[in-house]
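> If you scroll down you'll find the structure; I have some questions about it.
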Amino acid sequence: MSEKITVIGSGMMGGAIIKSLLKGNLTPSSLTAVDIQAEKLKEFEALGVKTNTDNAKAAKDADSIFIIVKPGDVAKVLSEIKEEIKNKLVISVAATVSLNYLRKYAPESKIVRIMPNLCAMVQASYTAYCCTENLTTKDRETVKKLLNMMGTCDEVDEKYMDAITAVSGSGPGYLSIIIEALTYAGLKVGLPRNIALNCAAQTVLGTGKLVVDLHEEPAHIKDMTTTPGGTTIEAIYQIEQSQIRPALMRAIEEATKKSQTIREKLNLQ
């Protein structure tokens, strides 16, 4: 891929995306990291990535531009680079910000709204995306190639983005609680800390791969590990009494509502 990519906003998620693109075999010279804090750019300079503190200049030199700023800063950034991004791919990572809102500030751009998660740091993100109607077939192919460098991706109807933000965007936070709980449980029954943590994390990772790679249903995986009178059924009996299922369902429901509330409060529709 010979695309020139500019990433505006080189914090945690911006850095994760830049590193994913590098591991996806984009050359460092084809990438430009942009941030108003020059100190943040030193890490990328060391990787051979071009850097800049001028949004407009960096956008002018790019074919595709990632916008990775806080939702409330999106309008300001798009207004600064409006002329430089005409007819270019603009990929927004700003949570809750709608395509309609993005289009108001970049009416002549080809806009993609995406929701990745922190797992992009290790090329294992699930990224949902939706697009304005003016993307060509080639544009869509470019988007998929870029997003697949971060993990896996699905194009979805925009109406699902709040729910995906709640399930996947925030998901590493919930699963970290589960991994931590499994680790503490291992400590309680006598495992060394490093063994308990590795055991818990790898088991969560491996279970996900059973679902994704082998297309196994979670209920079937549970049945495959459960034998009459065994350890797994005893543990499941205890877990089911904890009401973990409705707790997770309530958490996702509230996170979805929060995404909608933020958009309404900041008028990002």
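> Does Asn87 qualify as being farther than 21 Å from Ile18 by Cβ and in contact with an Asp or Glu (Cβ under 7 Å, 6 or more places away or on another chain)?
yes
Condition check ((1) touching a residue at least 12 places away in the same chain (Cβ under 8 Å); (2) over 22 Å from the mean Cα position of the chain (by Cα); (3) under 27 Å from Glu133 (Cα atoms)) across all residues:
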{"position": "Lys42", "(1), (2), (3)": "no, yes, no"}
{"position": "Thr53", "(1), (2), (3)": "yes, yes, no"}
{"position": "Ala56", "(1), (2), (3)": "yes, yes, yes"}
{"position": "Leu78", "(1), (2), (3)": "yes, no, yes"}
{"position": "Asn87", "(1), (2), (3)": "yes, yes, yes"}
{"position": "Val90", "(1), (2), (3)": "yes, no, yes"}
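> Filter the stretch 147-157 down to the residues that are part of a helix (DSSP H, G or I) and out of contact with any Ser or Thr (no Cβ under 7 Å at 6 or more places or on another chain) and list them by number.
Hit for the stretch 147-157 is Asn148, nothing else.
> Mind checking which helices (runs of 4 or more DSSP H) fall wholly inside the stretch 169-269 and carry at least 3 residues that are in contact with an Asp or Glu (Cβ under 9 Å, 6 or more places away or on another chain), closer than 30 Å to Ala75 by Cβ and modelled with pLDDT of 95 or more?
244-265
> Now for a separate question. Identify all residues within the stretch 90-108 that are closer than 18 Å to Ala62 by Cα and open to solvent by less than 10 Å² (accessible area, probe 1.4 Å); write none if there are none.
Those that are closer than 18 Å to Ala62 by Cα and open to solvent by less than 10 Å² (accessible area, probe 1.4 Å): Val90, Ile91, Ser92, Ala106.
> Would you call Lys188 exposed (fewer than 13 other Cβ atoms within 10 Å of the Cβ) and under 30 Å from Tyr101 (Cα atoms)?
Answer is no for this residue.
> Only one residue in Ala38, Ala33, Ala46 is among the hydrophobic types (A, V, I, L, M, F, W, C) and closer than 25 Å to Tyr101 by Cα, so which one is that?
Among Ala38, Ala33, Ala46, only Ala33 is among the hydrophobic types (A, V, I, L, M, F, W, C) and closer than 25 Å to Tyr101 by Cα.
> Considering each residue of the stretch 207-244, count those that are closer than 19 Å to Leu182 by Cα and either touching a residue at least 24 places away in the same chain (Cβ under 8 Å) or loosely packed, with under 10 Cβ neighbours inside 10 Å (or both), and give that number.
4
> As an exercise: evaluate Gly14 against (1) without any contact (Cβ under 8 Å) to a residue 40 or more places away in the chain; (2) within 28 Å of Ala163 (Cα to Cα); (3) part of a helix (DSSP H, G or I) and give the number of the one condition it does not meet.
That leaves (1) as the condition not met.
> Would you mention how many residues in the stretch 131-142 are in a helix (DSSP H, G or I) and either open to solvent by 70 Å² or more (accessible area, probe 1.4 Å) or more than 13 Å from Ser109 (Cβ to Cβ) (or both)? First the steps, then the outcome.
Residues of the stretch 131-142 that are in a helix (DSSP H, G or I), as a first pass: 137-142.
Then keep just the ones that are either open to solvent by 70 Å² or more (accessible area, probe 1.4 Å) or more than 13 Å from Ser109 (Cβ to Cβ) (or both); that gives 137-138, 140-142.
Counting residues in the stretch 131-142 that are in a helix (DSSP H, G or I) and either open to solvent by 70 Å² or more (accessible area, probe 1.4 Å) or more than 13 Å from Ser109 (Cβ to Cβ) (or both) gives 5.
For (1) aromatic (Phe, Trp, Tyr); (2) farther than 22 Å from Met161 by Cα; (3) modelled with pLDDT of 95 or more; (4) in contact with a Lys or Arg (Cβ under 9 Å, 6 or more places away or on another chain), each residue gets a yes or a no:
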residue	(1), (2), (3), (4)
Asn25	no, yes, no, no
Thr32	no, yes, yes, yes
Lys57	no, yes, yes, no
Asp61	no, yes, no, yes
Leu89	no, no, yes, yes
Ser92	no, no, yes, yes
Leu102	no, no, yes, yes
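> In addition: Checking Glu83 against (1) of a type outside the set (A, V, I, L, M); (2) touching a strand residue (DSSP E or B) at 6+ places or on another chain (Cβ under 6 Å); (3) within 19 Å of Glu108 (Cβ to Cβ), which single condition isn't satisfied?
(2)
> For the stretch 157-175, how many residues meet the condition of being open to solvent by 30 Å² or more (accessible area, probe 1.4 Å), aliphatic (A, V, I, L, M) and farther than 14 Å from Val97 by Cα?
Count: 2.
The values are calculated or read from the model by the stated rules, or taken from the named source; none is laboratory data. All values derive from a computational prediction rather than experimental measurement. Counting neighbours? That spans all protein chains shown, and the Cβs are built from the backbone with ideal geometry, glycine included. To get the accessible areas, we keep the full protein, side chains included, count just its heavy atoms, and leave off ligands, DNA and RNA. Shrake-Rupley method; radii C 1.70, N 1.55, O 1.52, S 1.80 Å.
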